[in-house]
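Scroll down for the structure; my scribbles are underneath it.
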Amino acid sequence: MNEDNGVNFVSLIDEAGNTVDLEIVETFDYKDRTFTAFLPMDVPTDSPDYGLVFLENLYEDDEVVFDTINDMDEMEVYEAYQQLIFSQEEEDE
């Protein structure tokens, strides 16, 4: 994990071997698993490829390893994330 101007981000290698920089938005637990929501740092915000990316946090030798999640789980994780944000907004009011 890196920090640049107060923004936490990770650099990951995708399936094609390209480096992808992702801003860490939120880490949260859902159904006894831990997930992180990211935003791509090198994709324009008006691009159709811009949007939240959810990865599961796995731990190997006390280090976090990010893993993809299947499509069915991703929808559930997205909905859990929306609930988390909604509840945080209610607490702020």
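Computed across segment 16-86, the Kirkwood radius stands at 13.1 Å (inverse of mean 1/r, all Cα pairs). Using C-alpha pairs below 8 Å separated by at least 6 residues, the relative contact order for the chain is 15 percent. Count Lys and Arg as plus one, Asp and Glu as minus one, and take only other residues whose Cβ is under 14 Å from that of Glu74; the net charge is then -4. Kindly list the residues of segment 52-67 that lie in the label zone of Leu39, defined by a backbone N under 13 Å from the point 7 Å along the Cα-to-C-beta vector. Output list for this probe position: 52-53.
With all protein chains kept in place, the per residue accessible area of the chain amounts to 73 square angstrom at a probe of 1.4 angstrom. About its Cα centre, the dipole of the chain is roughly 140 debye, where the only charges are +1 on Lys and Arg Cβ and -1 on Asp and Glu Cβ.
Residues whose amide H falls under 5 Å from that of Ile69, counting only those 5 or more places apart or on a different chain, are Glu56, with hydrogens built in the peptide plane. Just the number, please: carbon plus sulfur as a percent of the accessible area of the chain, 1.4 Å probe, no ligands or DNA/RNA counted. Carbon and sulfur atoms account for 44 percent of the accessible area of the chain. Fully extending the segment from Tyr78 to Tyr59 would add 4.7 nm, taking 0.36 nm per residue of separation and subtracting the current Cα-Cα distance. Considering the dipole of the chain built from charges on the beta carbon (Lys and Arg +1, Asp and Glu -1) around the Cα centre, which of Phe28, Ile85, Val64 is farthest to its positive end? Selected residue: Val64.
The values are calculated or read from the model by the stated rules, or taken from the named source; none is laboratory data. Predicted model only: the values in this text are computed from it and were never measured. With ideal geometry, Cβ positions are generated from the backbone for all residues, glycine too; neighbour counts draw on all protein chains shown. Calculation scope for accessible area: heavy atoms of the full protein, side chains included, ligands and nucleic acids excluded. Shrake-Rupley method; radii C 1.70, N 1.55, O 1.52, S 1.80 Å.
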